[in-house]
Amino acid sequence: MQTITMLDPLRQKVEALRAEGLIALVPTMGALHEGHLTLVREAKSAAAHVCVSIFVNPRQFGANEDLDAYPRKLADDCALLQAEGVSLVWAPQPQVMYPQGYATNISVSGVSEGLCGGSRPGHFDGVATVVCKLFNQVRPDLAFFGEKDWQQLAVIRRMARDLDLTMPAHSNIIGVPTVREADGLAMSSRNAYLSDSERKNAATLPQAMRTAIAAIEAGDSTSSALAQLKQSLIAGGFASVDYAELRDAQSLEKIDRQQENPARLLVAAHIGKARLIDNMPVSGKAHE
């Protein structure tokens, strides 16, 4: 496995690997856990070579967010990836990704609005911009993302479709189901921010979500189910709830009436120093 930090050597290495078969990209911000490694394994099953990018992207963090505190563990991450048989780690510094005079931004409307896009203004512009750059730098045949960041996945697919990207094409941007701890909490690098008691209380999030989904699928009022979900989170130790919404799984339009299309319950809430997000599928008709 080779770790590369500059663009020209990256391009040379990628072209050498491309002669041997398909290349899959797994973009990350590092601080890797089993969720990331699951993406790597899925990528390895589909391609001859896997490239993992590790870059804490400053453009997707707001002024009062955790850019400086975000865990950085490059040596540990590379050891994990070496054990998984990854071919290449792309780990540029910010000045490589955004050289002096950089002035371009990608904005994806529609699917980026509301939810995390509402709570974190500019966040998805930063995500779309850096992922487009990663796609252009590595030019992968396939790219793998976790479904835990459901809105992010929708933004990236729309960006790839609208810009007519071919490496990868939007149909080759693969979502991988969320990997969870034994108590149901979605794996996240930000879980490291939690104290022992906060970590125990954090399990309230998936539990409350499953309760709300059961109520909605049984035909109960969506608004009542979501109100109860929020109450359960606050009672369970969460400080605040950014959002708890039922959305169309594909368009991410907010559901306010019955529909047959697949739906998704999406939640973001604060506990301790962490802002946790999660989402789960909702089947059948939704009621309001």
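The values are calculated or read from the model by the stated rules, or taken from the named source; none is laboratory data. Keep in mind the model is a prediction, meaning the values are calculated, not measured. Neighbour counts are summed over all protein chains in view; Cβ atoms, including those assigned to glycine, are modelled from backbone coordinates with ideal geometry.
Brief remarks on what is shown
- Remark: pairs (first residue in region 84-106, over 14 Å from Gln2 (Cβ atoms) and not assigned by TED's automatic domain parsing to the domain that holds Thr28; second residue small (Gly, Ala, Ser) and surrounded by 13 or more Cβ atoms within 10 Å (Cβ to Cβ); Cβ separation under 7 Å; 6+ apart in sequence or on different chains) are absent.
- Condition met for Lys148 (surrounded by fewer than 23 Cβ atoms within 10 Å (Cβ to Cβ), assigned to a loop (DSSP other than H, G, I, E, B) and assigned by TED's automatic domain parsing to the domain that holds Val52): yes
- Helices (runs of 4 or more DSSP H) lying entirely in region 21-124 (those with 3 or more residues that are under 17 Å from the mean Cα position of the chain (by Cα)): 34-46, 115-119
- Condition check for Pro140: crowded, with 22+ Cβ neighbours inside 10 Å, in the same structural domain as Leu165 (by TED's automatic domain parsing) and closer than 28 Å to Lys73 by Cβ: yes
- In region 117-137, the residues that are assigned by TED's automatic domain parsing to the domain that holds Leu266 and within 17 Å of Asp164 (Cβ to Cβ) never reach a residue that is at pLDDT 95 or above and surrounded by 22 or more Cβ atoms within 10 Å (Cβ to Cβ) with C-beta atoms less than 7 angstrom apart, at least six apart or across chains.
- Region 64-98 - residue that is hydroxyl-bearing (Ser, Thr, Tyr) and within 23 Å of Ala160 (Cβ to Cβ) and, of those, surrounded by the most Cβ atoms within 10 Å (Cβ to Cβ): Ser87
- Qualifying residue in region 99-110 (condition: within 25 Å of Gln250 (Cα to Cα), modelled with pLDDT of 95 or more and surrounded by 18 or more Cβ atoms within 10 Å (Cβ to Cβ)): yes
- Residues in region 188-236 that are crowded, with 19+ Cβ neighbours inside 10 Å and either outside any helix (DSSP H, G or I) or aromatic (Phe, Trp, Tyr) (or both): Ser188, Tyr193, Leu194.
- Yes/no for Val52 being hydrophobic (A, V, I, L, M, F, W, C) and touching a Lys or Arg at 6+ places or on another chain (Cβ under 9 Å): no
- Taken over region 237-280, the criterion of being modelled with pLDDT under 95, outside any loop (DSSP other than H, G, I, E, B) and not charged (D, E, K, R) is satisfied by Ala263 alone.
- Check on Glu42, closer than 30 Å to Leu246 by Cβ and touching a residue at least 60 places away in the same chain (Cβ under 8 Å): yes
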